[in-house]
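Worksheet: one structure, shown below.
The values are calculated or read from the model by the stated rules, or taken from the named source; none is laboratory data. Quantities reported herein were computed from a predicted structural model and do not represent experimental measurements. Here Cβ is always computed from backbone atoms with ideal geometry, including for glycine, and neighbour counts include all displayed protein chains. Ligands, DNA and RNA are stripped out before the accessible areas are found, and what is left, the full protein with its side chains, is counted by its heavy atoms. Shrake-Rupley method; radii C 1.70, N 1.55, O 1.52, S 1.80 Å.
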Amino acid sequence: GESVGLHLPTLSVQEGDNSIINCAYSNSASDYFIWYKQESGKGPQFIIDIRSNMDKRQGQRVTVLLNKTVKHLSLQIAATQPGDSAVYFCAEGGTSYDKVIFGPGTSLSVIP
Amino acid sequence: IAGITQAPTSQILAAGRRMTLRCTQDMRHNAMYWYRQDLGLGLRLIHYSNTAGTTGKGEVPDGYSVSRANTDDFPLTLASAVPSQTSVYFCASSLEEGFNEQFFGPGTRLTVL
């Protein structure tokens, strides 16, 4: 069935290094994707989004890449900081809200 | 109030009891949502409301009901709680309906025994 999945459930990176979190999706009809950050004990927080007519979008220290050919989404965090430690998950959707699918998440741990 | 709030923070509930989780936002957002989050399953939509006075079913609506009497409040009710409803519940809101940037509350951790 349709699903959003993450390649790595956990990721540990050294402070200052770049982080890459991956997400695979299977619904080719999805045209909007969001990355969320969820810190322990808190609700998810919007990080960045991208529409299917784009390949790349940059924010502050974060970049989202979309490869529609292989149905792959990635979140790159530059110069990872201890405050970046959290669970990150992607969500995909289209025009119908009941088709939104959230991935289970990847836990990012930053080593000082 | 700043943003979106939920109450209670956590609750332990006996099976069969009725429970209402409260959610209030002060951003004048039109759309509101209720999700449950279970380990390994991610967020799953329970119910949503595109605007005051309207509600819709999400992916896992059974056993839950919602109402949207006004813009700010979106309570979620479990009429007769069951252990499988043990989860963390998040309320969210967005300016517009549909799939777009959502603002999440801090969550309610519910345990049904």
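Let's see how each residue does on (1) more than 26 Å from A:LYS37 (Cα to Cα); (2) in a strand (DSSP E or B); (3) at pLDDT 95 or above:
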residue	(1), (2), (3)
B:PRO61	no, no, yes
B:THR77	yes, yes, yes
B:VAL88	no, yes, yes
B:SER93	no, yes, no
B:PHE99	no, no, no
B:ARG109	no, yes, yes
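Report, by residue number, each residue of the stretch B:26-56 that is open to solvent by 40 Å² or more (accessible area, probe 1.4 Å) and touching a Pro at 6+ places or on another chain (Cβ under 9 Å).
If the condition is that a residue be open to solvent by 40 Å² or more (accessible area, probe 1.4 Å) and touching a Pro at 6+ places or on another chain (Cβ under 9 Å), then B:GLN37, B:LEU39, B:GLY40, B:LEU41 are the ones that fit.
Of all residues in the stretch B:86-108, how many are of a type in the set (A, V, I, L, M) and surrounded by fewer than 17 Cβ atoms within 10 Å (Cβ to Cβ)? Give the derivation first.
First, the residues of the stretch B:86-108 that are of a type in the set (A, V, I, L, M): B:88, B:92, B:95.
Adding the requirement that they be surrounded by fewer than 17 Cβ atoms within 10 Å (Cβ to Cβ) leaves B:95.
Final tally of qualifying residues: 1.
Just to be sure I understand the filter: pairs with C-beta atoms under 8 Å, separated by 6 or more residues or on different chains, first member in the stretch A:31-42 and in contact (Cβ under 8 Å) with a residue 40 or more places away in the chain, second member open to solvent by less than 10 Å² (accessible area, probe 1.4 Å) and among the aromatic types (Phe, Trp, Tyr). Which pairs pass?
A:TRP35/A:TYR88; A:TRP35/A:PHE89; A:TYR36/A:TYR88; A:TYR36/A:PHE89; A:LYS37/A:TYR88; A:GLN38/A:TYR88; A:GLN38/A:PHE89
Given the conditions (1) surrounded by fewer than 21 Cβ atoms within 10 Å (Cβ to Cβ); (2) outside any strand (DSSP E or B); (3) of a type in the set (Gly, Ala, Ser), and given that B:SER65 satisfies all but one, which numbered condition is not satisfied?
Condition not satisfied by B:SER65: (2).
Going by what's in this entry, would A:ILE50 be described as open to solvent by less than 10 Å² (accessible area, probe 1.4 Å), free of Cβ contacts under 8 Å to residues at least 24 places away in the same chain and within 14 Å of chain B (Cβ to nearest Cβ)?
Details: open to solvent by less than 10 Å² (accessible area, probe 1.4 Å): yes; free of Cβ contacts under 8 Å to residues at least 24 places away in the same chain: yes; within 14 Å of chain B (Cβ to nearest Cβ): yes.
It is true that A:ILE50 is open to solvent by less than 10 Å² (accessible area, probe 1.4 Å), free of Cβ contacts under 8 Å to residues at least 24 places away in the same chain and within 14 Å of chain B (Cβ to nearest Cβ).
Tell me yes or no: at least one residue of the stretch B:94-101 is out of contact with any Asp or Glu (no Cβ under 6 Å at 6 or more places or on another chain) and on the phi > 0 side of the Ramachandran plot.
Yes - at least one qualifying residue is present in the stretch B:94-101.
Answer yes or no as to whether B:TYR35 is in a strand (DSSP E or B), within 14 Å of chain A (Cβ to nearest Cβ) and farther than 19 Å from B:ARG109 by Cβ.
no
In the stretch B:41-59, how many are under 12 Å from B:ASN30 (Cα atoms) and either outside any strand (DSSP E or B) or more than 12 Å from chain A (Cβ to nearest Cβ) (or both)? Spell out how you get there, then give the answer.
Taking the stretch B:41-59 first, the residues under 12 Å from B:ASN30 (Cα atoms) are B:48-55.
Restricting the remaining residues to those that are either outside any strand (DSSP E or B) or more than 12 Å from chain A (Cβ to nearest Cβ) (or both) gives B:50-55.
Result for the stretch B:41-59: 6.
In the list A:SER107, A:SER40, which residue meets the criterion of being part of a strand (DSSP E or B), open to solvent by 30 Å² or more (accessible area, probe 1.4 Å), within 12 Å of chain B (Cβ to nearest Cβ) and at pLDDT below 95? Spell out the reasoning first.
Working: A:SER40 fails: part of a strand (DSSP E or B).
None of the others qualify; the one that does is A:SER107.
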